[in-house]
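Accompanying notes for the structure given below.
The values are calculated or read from the model by the stated rules, or taken from the named source; none is laboratory data. Predicted, not measured: the structure shown is a model, and the values here were computed from it. Glycine also receives a Cβ, built like all others from the backbone with ideal geometry; neighbour counts cover every protein chain displayed.
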Amino acid sequence: MKRLPIISLLLAAFSLLLMTLPPAWHELLYFDSRHLQQGMPIGLVTAHWIHVDSDHLVWNIGALLLLASFIERHSRNLLWLSLAVGTVCVDLLLLSPWSDLQRYCGLSGVLNTLFGTLLYLYWRRIRSPVVLIVAFLALIKIALEVRSGQALFTDISWPPFAMAHVAGILGTPLVIWWEESSWGSGRRRVRSPQQHHKRETATWISCVRYPFSS
């Protein structure tokens, strides 16, 4: 019997709950450079779970449930690690000279870390060219968004910040290194590439349908 992705469901519920708070509370939960200057760093965590509008929320929660549930089936620790690494990578970008944003919110940067982790897990399992094609298309999408300054598939009330997607995907190598190290679970070999090949390939096709945009 498959394990219910409790953590993924709870995280989605948490993000939904934040959106039900009064708008004045939303302002406190965003990443805001002015709040940081006033000694209020909570937005470095909460900004990733609050969203600017319902469209933004639906896209990101849908992607979260898809990606996180598959990772959670493999390892809950790996899911937490991916979320933490993605959060730190995006936060470092927001605090760096490469970002001049005053405010930021949304889960899409962290979702790209989850997406990279899922690519790694499926490549390790099935060694299918489909995984490489999906990875290539994802990188092309991010590059086009950075170049154009526009999200390819979504339209929200705030301008997109594609560099957050870059920061998120760049966190993937750290997640992989940890998973393959003696501290991670990488030494526990997954099933052979021949097992469930068709089913896993079909799953990847469904994953491509979710664009991860701020």
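General remarks:
- Residue, farthest from residue 55 (Cα to Cα), within region 153-202, restricted to residues that are modelled with pLDDT of 80 or more and among the polar types (S, T, N, Q): 181
- If you go through region 134-151 and keep only what is part of a loop (DSSP other than H, G, I, E, B), out of contact with any Pro (no Cβ under 6 Å at 6 or more places or on another chain) and on the phi < 0 side of the Ramachandran plot, you end up with just 150.
- Selection from region 94-109 of residues that are under 17 Å from residue 12 (Cβ atoms) and outside any helix (DSSP H, G or I): 105, 106, 107
- Residue 31 aromatic (Phe, Trp, Tyr), in contact (Cβ under 8 Å) with a residue 60 or more places away in the chain and more than 24 Å from residue 179 (Cα to Cα): yes
- Positions within region 110-133 being surrounded by fewer than 20 Cβ atoms within 10 Å (Cβ to Cβ) and in a helix (DSSP H, G or I), in sequence order: 123, 124, 125, 129, 130, 132, 133
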